[in-house]
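**Student:** So that we are looking at the same thing, I have put the structure below in structure tokens.
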Amino acid sequence: MALLALTNVTKVYQVGAVAVHALRGIDLMVEKNEYVSIMGPSGSGKSTLMNVIGCLDTPTSGTYILDGKTVHDDNIGQNGNGKLSEDELAFIRNQKIGFVFQTFNLLPRITALHNVELPLIYAGIHKKERIEMAKEALRKVNLEDRMHHQPNELSGGQRQRVAIARALVNNPSILLADEPTGNLDSVTSREIMKLMDKLHDEGNTIILVTHETEIAQHAHRIVHLLDGKIDRDETTPKGNS
Amino acid sequence: MGVIFESVVMAIKAILQNKTRAFLTMLGIIIGILSVSLMGTAISGIDQVFESSIEGMGQDVLYVQKYPWFMVNDEWWEYRNRPEIKEEYAEQILERASSIAFATPSSSRSDEVKYKKNTVEGVEINGTTWQEAYISALKLESGRFFSEPESRYGSRVIVIGYDIKTALFPNEDPLGKEITIRGNKFRVIGVIAQQGKFLGLMSMDNIVIVPLKAFQMLYGRRRGISISVKPKDGIPVEQAKEELTFIMRGLRKLKPRDENDFAINQQEAFRQQFANIRFAIRAVGLGITALSLIVGGIGIMNIMFVSVRERTKEIGIRKALGAKKSIILFQFLSEAVIISLIGGIIGILLTVGLVGVVQRFFVANLSFGLVVISLLVSILTGVLSGIIPANQAARLNPIEAIRYE
Ligand SMILES: Nc1ncnc2c1ncn2[C@@H]1O[C@H](COP(=O)(O)OP(=O)(O)OP(=O)(O)O)[C@@H](O)[C@H]1O
Ligand SMILES: [Mg+2]
């Protein structure tokens with residue numbers, strides 16, 4: 001079974017009297033340990049799709065199954081748990097999703113280590129084990145020596161690596177990165193993508209949004225969005241080998 | 001557990017980042033808690049002092065006097081024209097009454113007393129009869145009260161209060177010594193045991209007692225008389241009061257429709273008056289407390305709304321990482337409660353300091369119960385003022401919150 005399966009997913013934002021159709025019927029399957037890039041012009045619905053996959057947002061209609069769990073299903077009524085509550089969505093985000101954002105989104109004024117600990121705190125993991133896991137995640141992104149630094153004492157690339165460590169620390173089913181290199185220079189971008197490649201090699205499932213073809217080519221599969229629909233779904237040279 | 005601890009730590013950090021703001025926010029709570037604990041302390045102090053003060057007054061003694069103890073200013077003009085209370089009433093009351101054991105006339109004024117080179121000014125000189133010893137249940141530290149014959153002849157004997165003893169006879173036994181009032185010598189026959197201060201302020205030991213006849217030889221017979229009356233054992237005061245009123249009306253030859261032209265005072269009047277004072281203190285204290293707690297609570301609510309707005313992005317990030325509504329709610333609620341609680345603690349510490357100063361003049365003790373109540377009140381204020389902003393934070397949409405700059 002696919003790790004995630006979206007069937008005819010739509011998302012409509014109601015802005016006053018105007019209905020904005022951000023997603024217009026997405027069908028998408030992603031298998032375990034796939035490495036997928038999502039591309040498309042600005043406003044084509046990439047972030048909206050990522051938010052739906054990451055359970056930060058819920059579809060307007062359609063079906064979404066993540067790791068065997070029904071997140072959204074129109075055909076099952078409210079009582080049949082076709083729609084999860086906010087707290088249930090929070091639980092799924094905590095257990096199954098790792099987010100990496102364009103603007104890093106680390107909490108200021110707390111250390112890198114503490115930032116990485118946050119998902120474990122919400123998972124209710126005890127302090128001793130928690131710190132060990134957080135350190136291990138920082139080790140994976142090569143930032144063990146900076147764990148007691150606060151975000152404002154770190155470079156952009158280092159911040160993004162802390163964010164990646166935070167996304168990984170809970171062993172999520174899937175890593176979602178919305179333009180992870182958007183705020184970084186090309187050298188640092190390459191470093192981050194090397195890290196992504198390594199994480200994929202270690203067995204992680206990754207979906208990343210990018211504008212840059214060069215970045216997208218790191219993935220094995222590129223999904224092109226246009227106007228809220230999947231325009232093209234292609235396999236990259238890497239995916240063929 | 002970890003989540004709660006982390007929330008509290010984050011709340012404390014948030015407060016420390018804005019110490020001045022937090023402190024200003026606390027002021028209302030500080031004043032509120034200060035006033036509630038000061039009020040409580042004042043009331044319990046006054047209660048304590050009051051009880052020990054009126055103890056010496058005799059539970060069941062009635063005083064027949066020209067003026068009531070408590071009156072409104074303009075009433076005084078009416079009472080002024082009443083006939084004076086006569087000394088003879090005491091004996092007449094005793095003759096006629098069946099419910100009364102003792103009745104004695106007394107009079108008093110302030111004067112100075114001397115012994116050798118020592119002088120005490122402003123001493124309350126009391127003239128009364130031997131019955132006074134039984135009426136006010138005086139406790140003597142040494143010696144005796146004057147006898148019936150001494151009363152009758154107006155012997156120059158004197159019973160002195162504790163303050164007089166210490167002032168005039170620092171190093172000697174006063175018994176048998178002669179002290180001087182207005183050039184007349186009085187032989188000390190007894191010393192009253194220390195009684196303390198009335199309401200903690202006025203010493204009740206700054207008195208001397210002499211036979212009324214002797215008092216009148218010093219000051220003349222025209223001074224106002226008060227008659228102290230004690231009911232027989234087992235007779236309720238109210239019953240004695242009724243009979244006393246009846247007899248007094250007879251002595252004054254009042255017609256059934258006439259109003260009393262005398263007052264019968266009793267300790268109860270003090271209680272009444274005291275209850276009014278307590279009530280006033282409580283009302284004022286509660287008013288100030290409620291007002292400042294409301295102001296303080298609104299201040300906290302306001303600051304919490306600001307805090308939620310400032311940290312909207314943080315809330316979004318936390319939600320994206322899996323924080324449930326209740327956790328966000330708790331984090332902001334604990335921030336409000338901590339601010340309020342610190343305010344409460346500061347208020348209590350200030351009270352402790354103030355009480356320490358006041359203690360030098362007045363009985364005052366901050367009770368443990370009051371501290372607990374104050375802390376509970378500040379926690380409650382924090383919860384009430386934090387709940388709306390915290391709930392707003394908990395309900396934020398994670399995507400919109402993350403995008404917020
Ligand atoms: N909260 C919202 N309310 C209303 N409309 C929205 C909202 N979020 C997104 N949209 C609209 O939905 C459409 C898709 O937006 P989305 O952010 O998914 O685009 P995107 O592909 O990520 O673009 P970009 O490359 O610029 O990040 C856009 O037209 C956008 O204006
Ligand atoms: Mg986007």
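**Student:** Pick out, from A:PRO108, A:SER85, A:LEU28, the residue whose Cα sits farthest towards the positive end of the charge dipole of the stretch A:27-116, with +1 on the Cβ of Lys and Arg and -1 on the Cβ of Asp and Glu.
**Tutor:** Most positive-ward Cα: A:PRO108.
**Student:** May I pose another question? Under 5 Å between amide H atoms, partner at least 5 residues away or on a different chain: which partners does A:ILE38 have, H built in plane at 1.01 Å?
**Tutor:** Amide H to amide H, under 5 Å and 5 or more residues apart or across chains, A:ILE38 pairs with A:LEU208, A:VAL209, A:THR210, A:VAL223.
**Student:** Just to confirm my numbers, what's the Cα centroid distance between the stretch B:348-405 and the stretch B:66-112 in Å?
**Tutor:** Distance between centres, Cα-based: 54 Å.
**Student:** Enter the mean number of other protein chain beta carbons within 10 Å of the beta carbon of each residue in B:321-333, as an integer.
**Tutor:** Average per residue, whole number: 5.
**Student:** When the accessible area of each residue in the stretch A:32-79 is compared between its chain alone and the complete protein assembly (1.4 Å probe; ligands, DNA and RNA ignored), which residues differ by at least 50 Å², being lower in the assembly?
**Tutor:** A:LEU56
**Student:** Give me, ordered by chain and number, the residues 5 or more places off A:LEU4 or on other chains with an amide H under 5 Å from its own placed amide H.
**Tutor:** So A:LEU4 has HN proximity to A:VAL30, A:ASP67.
**Student:** Then there is this: If the viscosity is 1.306 mPa s and the temperature 10 °C, what translational diffusion coefficient in µm²/s does Stokes-Einstein give for the stretch B:62-265 when Rh comes from Kirkwood over Cα pairs?
**Tutor:** Rounded, D is 88 µm²/s.
**Student:** Here is a follow-up. What lysines sit close enough to B:LYS232 to cross-link, taking a C-alpha to C-alpha distance under 25 Å and skipping anything fewer than 8 places away on the same chain?
**Tutor:** Here the lysines satisfying the reach criterion relative to B:LYS232 are B:LYS66, B:LYS86, B:LYS139, B:LYS241.
**Student:** While we're on this one: Leaving out ligands, DNA and RNA, calculate the buried accessible area for the pair A and B with a 1.4 Å probe, summed over both sides, in Å² to the nearest 100.
**Tutor:** That pair hides around 2200 Å² of surface in total.
**Student:** Quick check: at a probe of 1.4 Å, how many percent of the accessible area of the stretch B:62-265 sits on carbon and sulfur atoms?
**Tutor:** 48 percent
**Student:** With r defined as the distance between the Cβ atoms of B:ASN260 and B:LYS19 and R0 fixed at 56 Å, what FRET efficiency is calculated, to the nearest 0.05?
**Tutor:** 0.25
**Student:** Averaged per residue, what accessible surface does the protein assembly as shown expose to a 1.4 Å probe, in Å²?
**Tutor:** 48 Å²
**Student:** Below 23 Å, Cα to Cα, which lysines can B:LYS325 reach? Residues fewer than 8 away in the same chain don't count.
**Tutor:** A:LYS69, A:LYS83, A:LYS96, A:LYS127, B:LYS13, B:LYS313
**Student:** Within chain B, which DSSP H helices have Cα atoms that stretch 15 Å or more along the helix axis and a mean Kyte-Doolittle hydropathy of at least -0.5?
**Tutor:** B:2-17, B:19-55, B:237-251, B:267-310, B:325-358, B:368-394
**Student:** Turning to a different aspect of this structure: Mind checking the angle between helix A:112-122 and chain A's longest principal axis? C-alpha axes, 0 to 90 degrees, to the nearest 10.
**Tutor:** Once rounded, the angle reads 50 degrees.
**Student:** Just to make sure I understand: if all protein chains stay in place, what is the order of A:ARG93, B:ARG82, B:ARG109 by accessible area at 1.4 Å, largest first?
**Tutor:** Largest to smallest exposure gives the sequence B:ARG109, B:ARG82, A:ARG93.
**Student:** Let me ask you something else. Taking the alpha-carbon set of the stretch A:151-205, what are its Rg and Dmax in Å?
**Tutor:** 11.2, 32
**Student:** Work out the length of the dipole vector of chain A about its Cα centre, built from +1 on the beta-carbon of each Lys and Arg and -1 on the beta-carbon of each Asp and Glu, and round it to the nearest 20 debye.
**Tutor:** 420 debye
**Student:** Then there's this: Using unit Cβ charges (K, R positive; D, E negative) and no other charged atoms, how large, in debye to the nearest 20, is the dipole of chain B about its Cα centre?
**Tutor:** My answer is approximately 900 debye.
**Student:** Let me ask something else about it. Can you find, among B:ILE160, B:MET39, B:VAL383, the residue sitting farthest towards the positive end of the charge dipole of the protein assembly as shown, where Lys and Arg contribute +1 and Asp and Glu -1 at Cβ?
**Tutor:** Of the options given, the answer is B:ILE160.
**Student:** Post the alpha-carbon centroid distance, the stretch B:1-64 to the stretch A:177-241, in whole angstrom.
**Tutor:** 63 Å
The values are calculated or read from the model by the stated rules, or taken from the named source; none is laboratory data. Computed from a prediction, not measured in an experiment: that's the story for all the values here. A quick note on method: Cβ atoms are made from the backbone with ideal geometry, for glycine too, and the neighbour counts reach across all protein chains shown. Just the protein is used for accessible areas: all its heavy atoms, side chains included, with ligands, DNA and RNA removed. Shrake-Rupley method; radii C 1.70, N 1.55, O 1.52, S 1.80 Å.
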